[in-house]
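Quick notes on the structure that follows.
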Amino acid sequence: MKYKALHFTILEFASLLLACYLVYSYIMTKFWVANNIIAIAFTIHCIENWLVGNIKFITLIFTGLILYDVYFVFASDVMMTVAKGVDLPLKLLFPAGNGQFGMLGLGDIVIPGLLCSMCIRYDYIQAFLRGKE
């Protein structure tokens, strides 16, 4: 069996080292800046890579997410309990003084970002098709 060697550019290797350092520093210190950098990286990855090609599915997904958000954020305290209890980079933290932090869940960034991403992809496809005619 023949194995292929991994090929990294210098930039990819530097990015890997930086990512390892950030994850290590977050695990060891729970520092809020490392948390935010990792959370922003997750957010960008989700927005770039989640593709839904059909408007019916997009409508279904966003309708479900709106109903989910309305119920779990406004009708119950589940979201705040989970957000305060889970110690993972699933939220952005902002210092509010006295050792307290304000929180912004990644869903509040990812969902509108996905909608914008899907709209711009649709516009690109339509522009491409118009140029072909």
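Take the chain, mark every one of the chymotrypsin sites (Phe, Trp or Tyr not before Pro) that falls in a DSSP loop and has at most 11 other Cβ within 10 Å, then report the longest stretch left between them, sites excluded.
The reported range is 9-133.
How many percent of the accessible area of the chain is carbon or sulfur, using a 1.4 Å probe?
About 72 percent, which is the carbon plus sulfur part of the accessible surface.
Read phi for every residue in the stretch 12-23 and hand back ³J(HN,Hα) as whole Hz from Karplus 6.51 cos²θ - 1.76 cosθ + 1.60, θ = phi - 60°, with x for Gly and Pro.
Calculated HN-Hα couplings, in order: 5, 5, 5, 5, 4, 5, 4, 4, 4, 4, 5, 5 Hz.
Expressed in nm to one decimal, what extension gain is obtained for the pair Asn98 and Phe62 from 0.36 nm per residue of sequence separation less their Cα-Cα distance?
9.2 nm
Using the Cα atoms as the points, what is the convex hull volume per residue of the stretch 1-65 in Å³?
190 Å³
Would you mind computing Rg(Cα) / (2.2 N^0.38 Å) for the chain, counting N as its residues?
Normalised Rg, Cα atoms only: 1.38.
Whole-Hz ³J(HN,Hα) for each residue in the stretch 111-119, computed from phi via Karplus 6.51 cos²θ - 1.76 cosθ + 1.60 with θ = phi - 60°, x for glycine and proline: what do you get?
5, x, x, 5, 4, 4, 4, 5, 5
Which Rg and Dmax, in Å, describe the Cα atoms of the stretch 72-133?
Rg, Dmax (Cα atoms, Å): 18.6, 62.
How much accessible area per residue does the stretch 19-90 have, counting only protein heavy atoms and a probe of 1.4 Å, in square angstrom?
Ligands and nucleic acids excluded, the figure is 74 Å² per residue.
The values are calculated or read from the model by the stated rules, or taken from the named source; none is laboratory data. Source: prediction; values computed, not measured. Here the Cβ is made from the backbone with ideal geometry for all residues, glycine too, and neighbour counts use every protein chain on show. Note: accessible area is taken over every heavy atom of the protein model, side chains too, but ligands, DNA and RNA are not part of it. Shrake-Rupley method; radii C 1.70, N 1.55, O 1.52, S 1.80 Å.
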